[in-house]
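Every number here is computed from the coordinates shown, using simple stated rules; none is lab data. Everything numeric here is computed off the predicted structure, so don't read it as measured data. Cβ placement follows ideal geometry from the backbone for every residue including glycine, while neighbour counts extend to all protein chains displayed.
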Amino acid sequence: MNIYVGNLAYSVTEDDLRSAFQGFGEIMSVNIIKDKFSGQSKGFGFVEMPSAEEARSAINEMNGKEFKGRALNVNEARPRSEGGSSRGGGRGFGGPMRGGRGGHSGGGRRTGGRY
């Protein structure tokens with residue numbers, strides 16, 4: 001079972017997270033999500049445990065628990081893609097509905113210009 005762990009302190013490492021959860025059972029993987037440009041933690045990650053029973057125990061014990069100065073938000077991870085992202089409506093970053101980039105003609109949404 002894949003467990004979502006949110007509200008992580010930015011200083012938390014994958015080893016820290018593994019140590020916090022290993023008392024509940026076997027851990028298959030630990031992954032802290034990082035910004036692809038800066039490499040800094042985004043403040044959440046995932047712990048994968050093969051036993052659903054052990055994972056539920058970890059969720060019940062760790063949700064709301066203080067870890068490195070922050071109260072953790074821990075629950076069962078939901079599948080990533082069911083109909084696309086909830087943020088962009090499937091258009092991707094900077095899709096055509098967002099207006100242009102500015103430039104010499106103004107661009108923007110109000111002018112109606114494409115760029």
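Quick notes on this structure:
- What the pair-distance distribution of segment 2-76 shows, using all Cα-Cα distances binned every 5 Å from zero, is 3, 18, 31, 26, 14, 6, 2, 0 percent.
- Of the residues Glu26, Glu61, the one with the fewest other Cβ atoms within 10 Å heads the list, and the complete ranking is Glu26, Glu61.
- Spin-label model, Ala77 to Phe46: label points 7 Å out along the Cα-to-beta-carbon direction sit 0.3 nm apart.
- Computed label-point distance, nm, for sites Ala9 and Arg70 using a 7 Å Cα→Cβ extension: 1.0
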